[in-house]
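What follows draws every value from the coordinates through simple rules; no lab data is involved. None of the values given here were measured: they were computed from a predicted structure. Note: ideal-geometry Cβ built from the backbone for every residue, glycine included; neighbour counts use all protein chains shown.
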Amino acid sequence: MKKRKFLASAFIVIALVLGALFYSEIVFPVRLGDYFKSEYYNQFGPLAISIELLIAGIYLFIGHPKTNFTMALFAFTTILDPLFNLIGLITSMVPIYSMIILLCCALIAIWLAFTNAFNLGRISFIGAFGSFILGSVVELFFNYL
């Protein structure tokens, strides 16, 4: 229980710090028409990833039954960002230093989700596949809106 809450607290702190950094980098346009351009919405991709980590951390802290799905969703979204960037499908807006931190968290989260390390309910194949699809949709949404 102490390990679970410690790890959850670490996820929450990392999510809050990176979320604050990502939010501070968002440029809000002056003209109304600029709010409807893709350049504006692209800025919110890194913030969405940190919000996913925050929710996964909160779920892990309270021991919610959907924790493993949420951690898998965060992990797939985070892993797909540099992968899609590498193959040229998107241009990642996540800075390299935070990508390394998020990838470390994602590897821990995906391991915890698929091993059911804290006995919070095994993730089914449909849940794992759904988190992969939803992670892909989230990642592509901020680049092809």
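Which angle from 0 to 90°, rounded to the nearest 10, does the C-alpha axis of helix 67-86 make with the longest principal axis of the chain?
With rounding to tens, the tilt is 40 degrees.
Would you mind computing, in nm to one decimal, how far apart the modelled labels at GLN43 and LYS66 are, each placed 7 Å from Cα along Cα→Cβ?
Taking the two extended label points, one gets 3.0 nm.
Given the C-alpha centroids of the stretch 108-122 and the stretch 30-79, what is the distance between them in whole angstrom?
20
Out of the GluC sites (Glu not before Pro) in the stretch 1-57, which ones are loop residues according to DSSP with at most 14 other C-beta atoms within 10 Å?
GLU25
Note the listed values (i) 0.94; (ii) 1.00; (iii) 1.03, then indicate which one is Rg/Rh (Cα atoms, Kirkwood Rh) calculated from this particular structure.
Label of the calculated value: (ii).
Per DSSP helix of 4 or more residues, -39500 (n - 2.57); summed, then divided by the residues of the chain. What does that give at 222 nm, rounded to the nearest 500?
-24000 deg cm²/dmol
Which whole-number percentage describes the relative contact order of the chain, with Cα contacts under 8 Å and a sequence gap of 6 or more?
30
Expressed as an acute angle from 0 to 90° and rounded to the nearest 10, what is the orientation of the C-alpha long axis of helix 45-62 relative to the principal long axis of the chain?
Once rounded, the angle reads 20 degrees.
What does the extension gain come out to for ILE100 and ASN116, with contour length at 0.36 nm per residue minus their alpha carbon separation?
3.4 nm
Angle check, please: helix 96-115 long axis (alpha carbons) against the longest principal axis of the chain (alpha carbons), in degrees 0 to 90, nearest 10.
Orientation of helix 96-115: about 30 degrees from the principal axis.
About its Cα centre, how strong a charge dipole does the stretch 2-141 have in debye, to the nearest 20, once Lys and Arg get +1 and Asp and Glu get -1 at the Cβ?
With Lys and Arg at +1 and Asp and Glu at -1, about 620 debye.
Using θ = phi - 60° and the Karplus curve 6.51 cos²θ - 1.76 cosθ + 1.60, what whole-Hz ³J(HN,Hα) does each residue of the stretch 16-25 get, with Gly and Pro shown as x?
For the stretch 16-25, the Karplus-derived couplings read 5, 5, 5, x, 5, 5, 5, 5, 5, 8 Hz, x marking Gly and Pro.
Identify all lysines with a Cα-Cα distance to LYS66 below 29 Å; exclude those on the same chain that are fewer than 8 residues away in sequence.
By straight Cα distance, LYS66 reaches LYS2, LYS3, LYS5.
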